[in-house]
1. Just the residues that are surrounded by 13 or more Cβ atoms within 10 Å (Cβ to Cβ) and at pLDDT below 75, please, taken from the range 87-107.
2. Test of understanding: among 218, 222, which residue is surrounded by fewer than 16 Cβ atoms within 10 Å (Cβ to Cβ) and either on the phi > 0 side of the Ramachandran plot or at pLDDT below 85 (or both)?
3. Among the residues that make up the range 175-193, is at least one of them at pLDDT below 90 and either closer than 20 Å to residue 96 by Cα or part of a strand (DSSP E or B) (or both)?
4. Counting only residues that are within 20 Å of residue 181 (Cα to Cα) and out of contact with any strand residue (DSSP E or B) (no Cβ under 8 Å at 6 or more places or on another chain), which one in the range 119-143 is modelled with the lowest pLDDT?
5. Taking the criterion of being assigned to a loop (DSSP other than H, G, I, E, B), closer than 17 Å to residue 134 by Cβ and at pLDDT 75 or above, would at least one residue in the range 65-74 satisfy it?
6. Which ones in the range 151-174 are part of a strand (DSSP E or B) and buried (at least 20 other Cβ atoms within 10 Å of the Cβ)?
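The values are calculated or read from the model by the stated rules, or taken from the named source; none is laboratory data. Because the structure is a prediction, the values reported are computed rather than measured. Cβ: placed from backbone, ideal geometry, glycine included. Neighbour counts: every protein chain shown.
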């Protein structure tokens, strides 16, 4: 039997099975019980989040913590929990395109690879009791081309739903991102004004993890690949040595019938011609 554990605003822990959620319930439904802690590594991780509000249990509205306690004291094998999602993420595939890398050395080198573009919407309910970094769970760094790349996402966090290490953050709410400070500014601007941000994410097509290499290493690798592809593979040369016949595969049969062969011979010695030594 599996259970999930969450902590409400009174810091009392409750355990029940089978949690269902509603992203957008009716606005007139009261919900005063807010989840402030989810046990790390528990079964509730990824199902509920900090800041979510418990609207009802077994279709009975939870107006306050006393109502929640009263419902949970009733014996039952499972409880259906209805949540108002204050923090959630949704993603949509935008298109597949080609990234072109130009290296200006010698005649120039063009490297092309397929990339996927996604939009990721992060909706976060700002609360003074909840740390934004704990909800988002996102760490970024610069890659070899000075782009803002996802370095780490915390398990069970909001960013871990649709983001993964190696993703490139191109835009936030339509604003191009060229530095970490720009990313922080535009994300806070969107969350404080509208409770949500839209990220434009670039991800290598079919790549689970991308290894960034400096441009000079990529150039050397591409030259070696082109050199290898341009080489003609010679056919294997035949050996001049005579192979010994395999006697094990021969099938020799001796006929029991005798065969006579006549040999013609000239018995007239005078008709023979003398041949000198050494003459051919």
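1. 99, 101, 103
2. Criteria check complete, one pass: 222.
3. No, because not a single residue in the range 175-193 is at pLDDT below 90 and either closer than 20 Å to residue 96 by Cα or part of a strand (DSSP E or B) (or both).
4. My answer is 131.
5. At the first step, the residues of the range 65-74 found to be assigned to a loop (DSSP other than H, G, I, E, B) are 73-74.
From what is left, the residues that are closer than 17 Å to residue 134 by Cβ are none.
Within the range 65-74, not a single residue is assigned to a loop (DSSP other than H, G, I, E, B), closer than 17 Å to residue 134 by Cβ and at pLDDT 75 or above.
6. 153, 168, 169, 172 - these are the residues of the range 151-174 that are part of a strand (DSSP E or B) and buried (at least 20 other Cβ atoms within 10 Å of the Cβ).
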